[in-house]
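Student: To start, I am sharing the structure in question, which I have written as structure tokens.
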Amino acid sequence: MTYLKTALLAATAIAAAAPAMAEWAPSRPIEFVVASGAGGGTDNFARTIQATLNREGIIDNSVVVLNKGGGSGAEAFLYAMQNEGDAHKLIFGTNNAYLLPHVAQMAYSMENLDPVAALALDEFLIWVKADAPYETAADFIEAAKAEPGSVTFGGSQSKDTDETLVSLIEQTTGAEFKYVPFNGGGEVGVQLAGGHVDAHVNNPNEALGQWQSGAIRPLCVFSPERMAESDPIHDGKGWHDIPTCQESGVDIASYRMPRTVWMPAGADAEAKAFYTKALRNVAESDAWQEYLNKTSQTGVFLSGEELSQFITENETSAVEVFAAEGWTSQ
Amino acid sequence: MGNFDLLMQGFGVAITPMHLLLMVAGVLMGLVVGVLPGLGAPNGVSLLIPLTFSLDPTSAIILLSSMYWGALFGGSTTSILFNIPGEPSSVATTFDGYPMARSGESTRALTLAFMSAGIGALTGVIVITLLAGWASNFALRFGAPEYFAVYFLAFAAFIGMGSAAPMKTMVALTTGLLLSTVGMDTITGSVRLTFGYSELLSGISFLVVVIGLFGIGELLSTVQEGLRFRGVASKIDLRDVLKTIGELPRYWATSLRSALIGIWMGITPGGPTAASFMSYGIARSASRKGKAFGTGRPEGIIAPETADHSAGSCAMLPMLALGVPSSATAAVMMGGLMIWGLTPGPMLFATKPDFVWGLIASMYVSNLIGVVLVLATVPMFAALLRIPFAIIGPMIVAICFVGAYTVSNSTFDLWLVLLFGMVGYLFSKLDYPIAPLVLAMVLGHKAENAFHQSMVLSDGSLAIFFANPLVSAIMVVGIALLVVPKLLAFGSRFRRRIPVE
């Protein structure tokens, strides 16, 4: 029955889109502009989509990946602004696309970007060193409250997702941390394993190696429900055994980072429909499922109205944190 | 103890016809991207990543790492022949490699560079083989203050032993530091010194500056000297290559010291570029003919090349064992690891011994392949210098601009190349040293970040740089490198003066 329903839906969608689709197809190589340096999470996201598109035969045109990670990714979004209306460019980012202009004076604004889709949500967890005295997230918060500023959080970049989350924890619980920004999740991971900081909020993928080896352990995950079942990773525990932060007394229901795809504003609406369909095909492929499993991300497919709504909610809650911390630039 | 057995097993994995073919292909592609300035290893490797999705992870990493070695070899070629560093880490090779090539000994210069590169790489791999477990634990002891100390040490080693006028060195150094602060700052998240140009948001690329300073700057000087790019008519045959190999054992001390410096900088993630500068600086002061450095001394080629490559191979260790990439290329390869479903980290050695030891074994083999292949290209590259300037000059201009454009596909960078070409010309006319500027651009931002992080951690107390034996030891060595040569010079001047009075 579900199949029938999907088939019907798909059929109507195709019927509706067919006349439009026939009119637009890429006529030259497509540029994937990545808002991070080579090798980061966003880069892997874009390159996996690139490989899937070509291997599954979803798009026959060749795809060129360009890394423009300068200024926390602002370089890529500026590039979109400079190439207004170009339907052969897709920009790959996170929530940095709409959060950056709030914390730094940027030449671009959301007017210059057209959201196409979000394909995955990356989770955040609190990680501490394996031999740390805290058993639960509540213990950890208590320790930080007992001696304000004594507990150090390492994180990636400044006023970016990590620091926003740490500030959110402070604002929710009243605890006070010391935040030290580093250059990326990998660097932060080593700082924790070496005992130079007390905690970090790395994504599952960034922390997996150190957890496997028993150097660090997770306290809780900032998602509404526990993560998917997985094979045990260390000490018989897998991703599903990690309590949500709300369960363990930190009242933040959800803090996740969307992996998003954008187009320069002013591009053909039919081109957008073309890419949305192509990305939907990617999201439904086995290769994509495999990528999500390997990187422990949660799969979603948001486009159109749903995506705009998600962005508005995500932006509003982040801007509240920025305002409370006094980071807002405008 | 078990490492040797594991390595033998690794050779079993690495030496198959398919893998050997991948190594040759990888090294050749690497040579091409390494020779073209701007394209470079990180770009080359990231272009290949999607192609590796259909390979198994071991074959994929063998292909990518071979390309990396190839690019490291190739990067020295243009440094020596045209004074344009193909890779950031081969900047220091230009200091003596280019003068040697200009004096008609391009075959000798290239051979020295490639052989030392091979020796450095092999020493690095041997260290990885023997010390895999220990070295990765050692790297865990490096927090922000220790990082700062390592960068400080690199600065001190290079600057403290410089021979240029101290004021001019200071000017060059501070210009470099100033340039490295442009763009968005990691620690505060604020945008600095962009003057409203959004092109400057991501900072000024080090490679663009280097291409301008060295490539265009040198060209301008040549033009002024009267368009003689002396079509060097040296005989070019393979016997010269063999003769140069024969003179290598004479420089064993330089090789050994440089390899050790490289290993140190590779394991403590200082990186190959810092390693090559530091090694060059120390070689200059250790050599009794110190003043002659910069005029084509063999040690001036051996030192940076050996250190660069031993650091390059040792840098694979923190990447595999800790998940910290210590070079841009390592960062790209780490991304590849994750896509292939491998998690870099301490457990990788236990869970995927075939992969890890296959890679390590392949490093021995592909570096040997690399040395043989590049030595075979020496006569061909050396012959390039016979081409008259009227033809090669415009080609160099084209290479410089194309190279600068490929760094980040920005036309703004082309203007920067022109600007820094002028700066490079003025620097060489007015006898300002370029090297401190380049070093400050490479390390300035990293050192600043590490310093700022340390200050956050310690609430502003400088005592954090002497808080434990490790960091104090590095700081003390650094300060000694900075102060002792000056004291010695002062002392000897003082002693010389006494008889006169």
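Student: Given a Förster distance of 60 angstrom, what is the FRET efficiency for residue B:486 paired with residue A:131, based on the Cβ-Cβ distance and rounded to 0.05?
Tutor: The calculated FRET efficiency here is 0.85.
Student: What does the charge add up to near residue B:343, with Lys and Arg as +1, Asp and Glu as -1, over the other residues with Cβ less than 12 Å from its Cβ?
Tutor: Counting the neighbours of residue B:343, the net charge comes to +1.
Student: What is the ratio of the Cα radius of gyration of chain A to 2.2 N^0.38 Å, with N the residue count, to two decimals?
Tutor: 1.03
Student: If you don't mind, another one. Quote the relative contact order of the stretch B:3-500 in percent (integer), defining contacts as alpha-carbon pairs under 8 Å separated by 6+ residues.
Tutor: Dividing the mean separation by the residue count of the stretch B:3-500 yields 29 percent.
Student: Could I ask something else about it? Per residue of chain A, what 222 nm ellipticity follows from adding -39500 (n - 2.57) for every DSSP H run with n ≥ 4, rounded to the nearest 500?
Tutor: Mean residue ellipticity, 222 nm, calculated: -13500 deg cm²/dmol.
Student: At 10 °C and 1.306 mPa s, grab the translational diffusion coefficient of the stretch B:8-58 from Stokes-Einstein with a Kirkwood Rh over Cα pairs, rounded to a whole number in µm² per second.
Tutor: Translational diffusion coefficient: 130 µm²/s.
Student: Using only alpha carbon pairs under 8 Å that are at least six residues apart, calculate the relative contact order of the stretch B:28-88 and give it in whole percent.
Tutor: So the answer I get is 50 percent.
Student: Of A:63, A:255, A:182, which is farthest towards the positive pole of chain A's charge dipole, taken about the Cα centre with +1 and -1 on the beta-carbons of Lys, Arg and Asp, Glu respectively?
Tutor: After comparing all options, I get A:63.
Student: Given a Förster distance of 30 Å, report the FRET efficiency between residue B:193 and residue B:429 from their Cβ-Cβ distance, rounded to the nearest 0.05.
Tutor: E between residue B:193 and residue B:429, to the nearest 0.05, is 0.70.
Student: Now a separate question. For the stretch A:145-218, what are the per-bin percents of Cα-Cα distances with bins 5 Å wide, up to the bin holding the maximum?
Tutor: Final binned percentages: 3, 18, 27, 25, 17, 8, 1.
Student: Compute the semi-axes of the equivalent ellipsoid of the stretch B:374-444, taking the square root of 5 times each eigenvalue of the Cα gyration tensor, and list them largest first in whole Å.
Tutor: 25, 17, 16
Student: What's the average, rounded to a whole number, of partner chain beta-carbon atoms within 10 Å of each residue's beta-carbon in A:34-44?
Tutor: Per-residue shielding by partner chains comes out at 5.
Student: Sticking with this one: If packing is taken as the average count of other Cβ atoms within 10 Å, what order do A:176-188, B:473-485, B:307-319 fall into, highest mean first?
Tutor: The peptides rank, most packed first, as B:307-319, A:176-188, B:473-485.
Student: log₁₀ I(q)/I(0) of the protein assembly as shown at q = 0.06, 0.11 Å⁻¹, via Debye over equal Cα point scatterers, no solvent, to two decimals?
Tutor: Treating every Cα as an identical point scatterer, log10 I(q)/I(0) equals -0.39, -1.33.
Student: Tally the DSSP beta bridges in the protein assembly as shown and give the antiparallel ones as a percent, rounded to 5.
Tutor: Roughly 60 percent of the DSSP beta bridges within the protein assembly as shown come out antiparallel.
Student: Turning to a different aspect of this structure: Taking each full run of DSSP H in chain B as one helix, which ones are at least 20 Å long along their axis (Cα atoms) and have mean Kyte-Doolittle hydropathy of at least 0.0?
Tutor: B:17-35, B:57-82, B:106-139, B:144-159, B:166-180, B:252-267, B:272-286, B:353-383, B:389-408, B:412-429, B:435-458, B:469-500
Student: Return the distance in nm (one decimal) between the two label points of a simple spin-label model at residue B:178 and residue A:82, each offset 7 Å from Cα along Cα→Cβ.
Tutor: 2.5 nm
Student: According to the square roots a ≥ b ≥ c of the eigenvalues of the Cα gyration tensor, what is the shape class of the stretch B:37-102, taking rounded for a/c under 1.5, prolate for a/b larger than b/c otherwise, and oblate for the remainder?
Tutor: Here the stretch B:37-102 falls in the prolate category.
Student: Within the set of other residues whose C-beta is less than 11 Å from the C-beta of residue B:117, count the net charge using Lys and Arg as +1 and Asp and Glu as -1.
Tutor: -2
Student: Taking neighbour counts of Cβ atoms within 10 Å as a proxy for exposure, in what order, fewest first, do A:127, A:211 appear?
Tutor: Sorted ascending by nearby Cβ count, the order is A:211, A:127.
Student: For the stretch B:254-330 and the stretch A:73-143, what is the centre-to-centre distance using only Cα atoms, to the nearest Å?
Tutor: After rounding, the separation between the Cα centres reads 37 Å.
Student: Given labels modelled 7 Å from the Cα in the Cβ direction, how far is it in nm from residue A:54 to residue B:418?
Tutor: 3.6 nm
Student: Specify the inter-centroid distance of the stretch B:17-92 and the stretch A:199-223, based on alpha-carbon positions, in whole Å.
Tutor: Each part reduced to its Cα centre gives a spacing of 33 Å.
Student: Take peptide A:238-250, look around each residue's Cβ out to 10 angstrom, count Cβ atoms belonging to other protein chains, and average those counts.
Tutor: 0
Student: Given H placed on each backbone N at 1.01 Å, which residues far from residue A:114 in sequence or on other chains put an amide H within less than 5 Å of it?
Tutor: Correct list: A:263, A:265.
Student: When you count, for each residue, the other Cβ atoms within 10 Å and take the mean per peptide, how do B:272-278, A:237-243, A:62-68 rank with the highest first?
Tutor: The most tightly packed comes first, giving B:272-278, A:62-68, A:237-243.
Student: Which order, highest average first, do B:164-170, B:419-425 follow once you tally other Cβ atoms within 10 Å for each residue and take the mean per peptide?
Tutor: B:419-425, B:164-170
Student: Using 0.36 nm per residue of separation minus the Cα-Cα distance, give me the extension gain between residue B:4 and residue B:387 in nm, one decimal.
Tutor: 132.9 nm
Student: Now, a different point. Nearest 10 degrees, 0 to 90: what angle lies between the long axis of helix A:2-23 and the longest principal axis of chain A (Cα atoms)?
Tutor: The answer is roughly 60 degrees.
Student: At a Förster radius of 60 Å, what calculated FRET efficiency corresponds to the Cβ-Cβ distance of residue B:245 and residue A:323, to the nearest 0.05?
Tutor: Efficiency computed from Cβ-Cβ geometry: 0.35.
Student: Additional query: In degrees from 0 to 90, rounded to the nearest 10, what is the angle of the helix A:286-295 Cα long axis to the longest principal axis of chain A?
Tutor: 20 degrees
Student: A follow-up question, please. Just counting partner chain Cβ atoms within 10 Å, what average do the residues of peptide A:57-67 show around their Cβ?
Tutor: If you average over the peptide's residues, the count of other-chain Cβ atoms is 1.
Student: Taking the Cα atoms only, what angle lies between the long axis of helix A:41-55 and the longest principal axis of chain A, rounded to 10 degrees?
Tutor: 30 degrees
Student: How big is the convex hull of the Cα atoms of the stretch B:385-501, per residue, in Å³?
Tutor: Once divided by residue count, the hull of the stretch B:385-501 is 253 Å³.
Student: So for the pair residue B:395, residue B:459, with labels modelled 7 Å out along Cα→Cβ, what separation do we get in nm?
Tutor: 6.4 nm
Student: While we're looking at this one, here's another question. In whole angstrom, how far apart do the alpha carbon centroids of the stretch B:130-157 and the stretch B:450-479 sit?
Tutor: Measuring centre to centre over Cα atoms gives 13 Å.
Student: Whole-Hz ³J(HN,Hα) for each residue in the stretch B:199-210, computed from phi via Karplus 6.51 cos²θ - 1.76 cosθ + 1.60 with θ = phi - 60°, x for glycine and proline: what do you get?
Tutor: Going residue by residue, I get 5, 8, 4, 8, x, 9, 5, 4, 5, 4, 4, 5 Hz, with x marking Gly and Pro.
Student: What is the fewest-to-most order of B:257, B:288 by other Cβ atoms lying within 10 Å of their Cβ?
Tutor: Ranked by crowding around the Cβ, least crowded first: B:288, B:257.
Student: Still on this structure: Tell me, what is the percent relative contact order of the stretch A:125-241, built from C-alpha pairs under 8 Å that lie six or more residues apart?
Tutor: Once divided by the residue count of the stretch A:125-241, the mean separation gives 34 percent.
Student: Once the convex hull of the alpha carbons of chain B is built, what does its volume come to per residue, in cubic angstrom?
Tutor: So the per-residue hull volume is 170 Å³.
Student: Could you tally the net charge around residue B:481, taking each other residue with its Cβ under 15 Å from the Cβ of residue B:481, Lys/Arg +1 and Asp/Glu -1?
Tutor: Local net charge: +3.
Student: Here is a follow-up. Excluding residues on the same chain fewer than 8 positions from residue B:168, give the aspartates and glutamates whose Cα lies under 19 Å from its Cα.
Tutor: The qualifying aspartates and glutamates are B:431.
FYI, it's all coordinate maths here, none of it is from the lab. From a predicted model like this one, the values you see are computed outputs, not experimental measurements. Reconstructed Cβ throughout: ideal geometry from the backbone, glycine too, with neighbour counts over all protein chains shown.
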